[in-house]
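Participant: A single structure is presented below for examination.
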Amino acid sequence: MKKKQLVLLLALIALGVVFYLQGAVAGVIVFVMFLLGLGVVQTGKLVASRRGVEELKTLCPKYGYETMIEKSRSRMPEGDSFSFVVLGDTRKRMKVATKVFAGAKEENPVVIFHTGDIVRGGTPPEYYESLTPLIDQVDPVPVLSVPGNHERGAWRDYAAFKALHGGDEFCFELGDCLFVGINNSTQKGVTDAGMAYLEKALSNSTATHKFVFYHIPPLFFEATFVNDRPRRGYKNNEQESHALFVKHGVTEVYMAHIHGYATHVKDGVRYTLTAGGGAKLSPRIDESGRFHHYLVRHVKGGEVGRELIKLDGSEFVRLEG
């Protein structure tokens, strides 16, 4: 049971006790006070979600997509060989996230991709606490993030994320690789607009290797590594997006949301969950995939090498994955 659900359950139990012991009038008074309290809390969240957004916009020239893409291009070596790193779900667990990012930097990648859930509540101050220090830590390696559900903010408009990054989707090429990131963490999952963005990006590229990044996994992929219900994967445009990836020969799709590691190939498209960047690991995932980690992809000509780097205590262990 989630914390919010537990709090609501306890409140309802307490309300029932008041009704039973003190009568209906006292119960109604307590109920009204409870609603007023919720209103005050929600109003506070709405205000906090807006405070500092304009200040974040002033940092976009340093941390935004355009800057990070240009930095990644400037780091491209001569020839056709380079590496990139993928990780996700750092949240506000900075002790582990700092270790994971330190390991990622040691790989000397051209770029690091973050698959979302960077903060906890989507407020502007959290980005100073949970993201910009990690980006500064790995400088000059650029970091590109897609938003997770925890970046929504109280207004559910991703205002802070968009202010810092300059948007919530990206598309660019490095060497013979295409990288496309979208926001699929809205209540509609992969929206029709998201589908259109993917279609345009994938169809306009002749790259040999195509990589897609978004936060929430599709239901069919979640079913390969999670046995409980209800499932949390996206359903809207689930089959349509997969058909699009098959059509355009997408090499790999990277996601997060459920904290741990899993990978599965369907119709030639590999789906990989990389959500071990720092957040508390999920008991929903089998223990074999329940560890903090990052991924390294080595691109050389027509091949993509795959490494899974597992954080085991204070040491990193290199595995295939």
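Participant: Would you call I285 in contact with a helix residue (DSSP H, G or I) (Cβ under 9 Å, 6 or more places away or on another chain), open to solvent by less than 30 Å² (accessible area, probe 1.4 Å) and among the hydrophobic types (A, V, I, L, M, F, W, C)?
Facilitator: no
Participant: Next question, about the same structure. Can you list residue pairs whose Cβ atoms sit under 7 Å apart, with the first residue in the range 80-96 being over 15 Å from G277 (Cα atoms) and touching a residue at least 40 places away in the same chain (Cβ under 8 Å) and the second being assigned to a strand (DSSP E or B) and open to solvent by 10 Å² or more (accessible area, probe 1.4 Å)? Count only pairs 6 or more apart in sequence or on different chains.
Facilitator: D80/K300; S81/K300; S83/H298
Participant: May I pose another question? Is there a residue being in contact (Cβ under 8 Å) with a residue 60 or more places away in the chain and among the hydroxyl-bearing types (S, T, Y) anywhere in the range 136-145?
Facilitator: Within the range 136-145, none of the residues are in contact (Cβ under 8 Å) with a residue 60 or more places away in the chain and among the hydroxyl-bearing types (S, T, Y).
Participant: Which one of these is closer than 20 Å to Y234 by Cβ and surrounded by fewer than 20 Cβ atoms within 10 Å (Cβ to Cβ): A193, A154?
Facilitator: A193
Participant: Let me ask another. In the range 68-95, which residue that is open to solvent by 30 Å² or more (accessible area, probe 1.4 Å) and of a type in the set (A, V, I, L, M) is farthest from A256 (Cα to Cα)?
Facilitator: M76
Participant: Just for the range 101-120: of the residues that are in contact (Cβ under 8 Å) with a residue 60 or more places away in the chain and assigned to a loop (DSSP other than H, G, I, E, B), which one is most open to solvent (accessible area, probe 1.4 Å)?
Facilitator: Only one residue tops the list, namely E107.
Participant: Test V246 against the criterion of being more than 21 Å from L131 (Cβ to Cβ), within 18 Å of the chain's Cα centre (by Cα), at pLDDT 95 or above and hydrophobic (A, V, I, L, M, F, W, C), and give yes or no.
Facilitator: The answer is no for V246.
Participant: Follow-up. Which number in (1) out of contact with any His (no Cβ under 7 Å at 6 or more places or on another chain); (2) more than 20 Å from R232 (Cα to Cα) marks the one condition that D176 misses?
Facilitator: The failed condition is (1).
Participant: Return the residue satisfying two criteria in turn: it lies in the range 288-304 and is free of Cβ contacts under 8 Å to residues at least 60 places away in the same chain and under 25 Å from L131 (Cβ atoms), and of such residues it is least open to solvent (accessible area, probe 1.4 Å).
Facilitator: Here the answer is F291.
Participant: Next question, about the same structure. Whether any residue in the range 251-261 is surrounded by fewer than 20 Cβ atoms within 10 Å (Cβ to Cβ) and over 30 Å from N204 (Cβ atoms) is what I want to check.
Facilitator: No, there is no match, as no residue in the range 251-261 is surrounded by fewer than 20 Cβ atoms within 10 Å (Cβ to Cβ) and over 30 Å from N204 (Cβ atoms).
Participant: Something else: Mind checking which helices (runs of 4 or more DSSP H) fall wholly inside the range 131-224 and carry at least 2 residues that are within 15 Å of the chain's Cα centre (by Cα) and not hydroxyl-bearing (S, T, Y)?
Facilitator: 159-165
Participant: Is it true that some residue in the range 271-281 is modelled with pLDDT under 95, open to solvent by 10 Å² or more (accessible area, probe 1.4 Å) and in contact with a Phe, Trp or Tyr (Cβ under 9 Å, 6 or more places away or on another chain)?
Facilitator: no
Participant: Also: Does V265 fit the bill of being under 30 Å from V317 (Cα atoms) and either open to solvent by 60 Å² or more (accessible area, probe 1.4 Å) or at pLDDT below 95 (or both)?
Facilitator: The answer is yes for V265.
The values are calculated or read from the model by the stated rules, or taken from the named source; none is laboratory data. Being a predicted model, the structure only gives us computed values, none of them experimental. Virtual Cβ from ideal backbone geometry, glycine too; neighbours counted across all protein chains shown. The accessibility values were calculated without ligands, DNA or RNA, using every heavy atom of the protein model including side chains. Shrake-Rupley method; radii C 1.70, N 1.55, O 1.52, S 1.80 Å.
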